[in-house]
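The structure appears below as structure tokens.
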Amino acid sequence: MVNILLVSHSVEIAEGTKELAEQMKQGEVEIAAVGGTEAGELGTNPDAIKSAVNEIDKSDGLIILADLGSAVMSVNMVLDWLDDEVRAKIQLADAPFVEGAVIAAVESGMGNSMEEILSSIESAEIIKKN
């Protein structure tokens, strides 16, 4: 299954989004969450992101969702540190954080491919409320 890494400026947002996505998932989708700085403040920690990337199973692919611009920069920095073989299995989604996490968890649990999941969560339709 495609697994998911959530990167937020807030540990509470990361963990809360993980909890919500895990309630919706089917199967053995692994969801990891990284939030805040090493000092426990708002921000991102590239070393924590790298550790999470290294620990999570990437065999079927890994989708990363980031909440705000500097989280995206931190993720991209970590992706630049990886060798090409590992990097090829990871995609940073251009998707809303919460909605993307929930839909990615559901679709991964259904056995959808990384490309299928990204197509769903990166669609403009995902953010419509009516």
- Task: May I ask you to list the residues in the stretch 101-124 that are hydroxyl-bearing (S, T, Y), within 20 Å of A66 (Cβ to Cβ), surrounded by fewer than 14 Cβ atoms within 10 Å (Cβ to Cβ) and modelled with pLDDT of 95 or more?
- Result: S119
- Restricted to the stretch 77-93 and to residues being β-branched (V, I, T) and closer than 15 Å to N3 by Cβ, the residue surrounded by the most Cβ atoms within 10 Å (Cβ to Cβ) is I90
- Message: Can you pull out every residue in the stretch 74-99 that is part of a helix (DSSP H, G or I), more than 20 Å from E15 (Cα to Cα) and not polar (S, T, N, Q)?
- Response: M77, V78, L79, D80, W81, D84, E85, V86, R87
- Yes/no for A33 being at pLDDT 95 or above and part of a strand (DSSP E or B): yes
- Query: Does S74 fit the bill of being of a type outside the set (A, V, I, L, M), in contact with a Gly (Cβ under 6 Å, 6 or more places away or on another chain), surrounded by 14 or more Cβ atoms within 10 Å (Cβ to Cβ) and at pLDDT 95 or above?
  - Reply: no
- Across the stretch 36-70, the tally of residues that are modelled with pLDDT under 95, assigned to a helix (DSSP H, G or I) and either of a type in the set (A, V, I, L, M, F, W, C) or farther than 26 Å from E107 by Cα (or both) stands at 1
- Message: Can you say whether T17 is among the β-branched types (V, I, T), assigned to a helix (DSSP H, G or I) and buried (at least 21 other Cβ atoms within 10 Å of the Cβ), as far as the supplied structure shows?
- Response: yes
- Message: Suppose we filter the stretch 1-14 for residues that are touching a strand residue (DSSP E or B) at 6+ places or on another chain (Cβ under 7 Å), part of a loop (DSSP other than H, G, I, E, B) and among the hydrophobic types (A, V, I, L, M, F, W, C); how many remain?
- Response: 1
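The values are calculated or read from the model by the stated rules, or taken from the named source; none is laboratory data. Predicted, not measured: the structure shown is a model, and the values here were computed from it. Quick reminder, even Gly has a Cβ in these numbers, built from the backbone with ideal geometry, and neighbours come from all protein chains shown.
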